[in-house]
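Beneath this line is the structure, given in structure tokens, with notes to follow.
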Amino acid sequence: MSEMAAVQIRNLVKDFRGSSKKESAPGGSALEVPGPVTGTPLEVLPPARGMVRAVDNVSLEIAPGEIYGLIGPNGSGKSTTMKALLGLVRPSSGTCSIFGRDSSKVDSRQDVGFLPENPYFYKHLSGEETIRFYGRLCGMKGAALRQRTLELLDLVGLEEAGKRRLGGYSKGMLQRIGLAQALVQDPRLLILDEPTAGVDPIGSRQIRDLILTLKERGFTVFLCSHLLEQVQEVCDRVGIIHRGSLVKEGRLEDLISIEDQTEIILRNATPGLLDRIQDLAHQEAGVELVRTGHPRTTLERLFLRETVQRDSGKVSEEREDESKEQSP
Ligand SMILES: Nc1ncnc2c1ncn2[C@@H]1O[C@H](COP(=O)(O)OP(=O)(O)O)[C@@H](O)[C@H]1O
Ligand SMILES: [Mg+2]
């Protein structure tokens, strides 16, 4: 990435003290990690005895203005990666930086807003009071803070509910207050840990639309989720993390397109026409060639292939099934 990355994570490893029952890192002997999808192979030592590897040599970069989605099953290391980036957990090895500033330094957090996985809010405060509370924590006050609070309530669609106590808010409304809180000091980067977990489809849609609005305004967003549809709808690039390793990464468009196939979507085509379709489509009256291009797999299928099926060794067969399914 030529311009300064909003997020740079290099060869991040995080080991936690774990119970002896727990499986240790994938591998177990000193391993030549094949993996990080970006970056060079690096010799990584196995976790020390009694330690569990939560993040295993993850490298990724996010450009300013990008929306990057880290997806993976529960326990795959998403939150730990985010916390390392935020300087909330110390890497066992590797480095993280935000807009060029090392995550171990306090000033790296100046330009970041964070919505944690299970945000805790004071239920007796109103939405408005909550935003003001976080604003004051960030050193804001007076008319500027009042103005900012109103802007944020408006942005997250809670201007009506601003005077109500959070005790009466739905999960979706709480997540939106959480987003407003993360935005209070006008950061350039937003880190959202499972922003729609436990939120109903309508609430999820509101949050998704909000993320898209933020993108239009030039924010960089790093989100993680196990809810794939959401990720598919908002992210420019995604990384799939499995057992602590980044097993796949790329532009969403590229990841879910099947390069060696072409689909033709026709309107009003008869079954007989389908056999001769390639040549006839352009000549046939009443037939509309809606779109041509590479048919897509879904992010969900890709996700399952890279995680569950990777474990059961079914990865390559599944690709074939997929192409059969997609053929006309
Ligand atoms: N503070 C901790 N102490 C010990 N183990 C932890 C701690 N935090 C996370 N882990 C372990 O690290 C792994 C990854 O966790 P996490 O990053 O929370 O995954 P995800 O966010 O993808 O669900 C899990 O096995 C989890 O049990
Ligand atoms: Mg998590």
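Derivation of every value follows stated rules applied to the coordinates shown; laboratory data play no part. Every value quoted in this text rests on a predicted model; they were computed, and no experiment measured them. Heads up, the Cβs are rebuilt from the backbone with ideal geometry, glycines too, and the neighbour counts pull from every protein chain shown.
Table for the structure above
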item	result
Residues Arg217 and Leu150, FRET efficiency given R0 of 22 Å [Cβ-Cβ distance, rounded to 0.05]	0.80
Separation of alpha-carbon centers, segment 95-135 and segment 203-259, rounded to whole Å	21 Å
Cα-based shape type of segment 96-171, given that a ≥ b ≥ c are square roots of the gyration tensor eigenvalues and the cut on a/c is 1.5	prolate
Simple spin-label estimate for Asn74 and Arg17 in nanometres, 7 Å along Cα-Cβ	2.5 nm
Net charge of neighbours whose Cβ lies under 11 Å from the Cβ of Arg251, counting Lys and Arg as +1 and Asp and Glu as -1	-4
In segment 149-193, trypsin sites (Lys or Arg not before Pro) in a DSSP loop with at most 12 other beta-carbon atoms within 10 Å	Lys163
Restricting segment 192-225 to trypsin sites (Lys or Arg not before Pro) in coil, as DSSP defines it, with at most 10 other Cβ within 10 Å	Arg217
